[in-house]
């Protein structure tokens, strides 16, 4: 059974509430609508189990988590790809790598947050998107960290994403009025960079944390102006939405 609709009719918050209240399991696919003939369409795939979000990706090749891990240089691409081949088919890849001593829990938590942010953040900028939910689709163990987030935490996270978007826009307008305007990274790129910086500063900040209010979020925002050489090779633009 499939459920279809548009974000102009149902918000992401309402969709996640429906999935959580019904304890649904399956795949939620979202496709942004082009704003002009030159605007790229993007696809975002979100898997839920018993109403909780368990994985997110922008493709269905089940290689997103492996790619994200190697971009952080925590494990070489050759090593993590080889380990993924031995991962049990009924166990999330993230937990398997943790049990093998390859990744730490803090790293899994950050990877999971980045998975979700990369797919939900572009939707906050889109004017509209079509969604489709297919029930009882097999969960992609190769894309799963083993962590999950409830609909309540997701709703609060989405509120923070909207607030952050307004803050970034206001700051950009202020820079332009001050004559400091120029090329700026997209909102989702800026947000991903801030979350990376917070993680490598060992702040243990998460947008999923219900107790982390807007005051704490404001403090974390200041990290974007703090010089810090992130120990990773991941290029910031890889987290932005792109045509599929």
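The values are calculated or read from the model by the stated rules, or taken from the named source; none is laboratory data. The structure presented is a predicted model; accordingly, all values stated were derived computationally and were not measured. Heads up, the Cβs are rebuilt from the backbone with ideal geometry, glycines too, and the neighbour counts pull from every protein chain shown.
When the range 191-207 is filtered for residues that are modelled with pLDDT under 80 and crowded, with 20+ Cβ neighbours inside 10 Å, only 205 remains. Of all residues in the range 69-82, exactly one satisfies the criterion of being in a helix (DSSP H, G or I) and in contact (Cβ under 8 Å) with a residue 60 or more places away in the chain, namely 71.
Here the condition is being over 28 Å from residue 52 (Cβ atoms), out of contact with any strand residue (DSSP E or B) (no Cβ under 8 Å at 6 or more places or on another chain) and at pLDDT 80 or above; of 170, 153, 183, it holds for 170 alone. Quickly run through the range 1-56 and pick out the residues that are part of a helix (DSSP H, G or I), in contact (Cβ under 8 Å) with a residue 24 or more places away in the chain and under 17 Å from residue 129 (Cβ atoms). Listed by number, the residues that qualify are 12, 13, 15, 16, 19.
Give the residues of the range 57-67 that are surrounded by 16 or more Cβ atoms within 10 Å (Cβ to Cβ) and free of Cβ contacts under 8 Å to residues at least 60 places away in the same chain, sorted by residue number. Answer for the range 57-67, where residues must be surrounded by 16 or more Cβ atoms within 10 Å (Cβ to Cβ) and free of Cβ contacts under 8 Å to residues at least 60 places away in the same chain: just 67. Taken over the range 68-82, the criterion of being over 17 Å from residue 107 (Cβ atoms) and surrounded by 13 or more Cβ atoms within 10 Å (Cβ to Cβ) is satisfied by 81 alone.
Of all residues assigned to the range 208-218, at least one qualifies as being modelled with pLDDT of 85 or more, outside any helix (DSSP H, G or I), within 30 Å of residue 90 (Cβ to Cβ) and in contact with a strand residue (DSSP E or B) (Cβ under 7 Å, 6 or more places away or on another chain).
How many residues does the range 83-107 hold that are surrounded by fewer than 21 Cβ atoms within 10 Å (Cβ to Cβ) and under 20 Å from the mean Cα position of the chain (by Cα)? Number of matching residues: 5. The range 87-192 holds helices (runs of 4 or more DSSP H) entirely within its bounds, and those carrying 1 or more residues that are within 17 Å of residue 72 (Cβ to Cβ) map to 93-99, 105-125. Each residue in the range 47-57 was checked for being farther than 14 Å from residue 17 by Cβ and in contact with a strand residue (DSSP E or B) (Cβ under 9 Å, 6 or more places away or on another chain), and 6 of them qualify.
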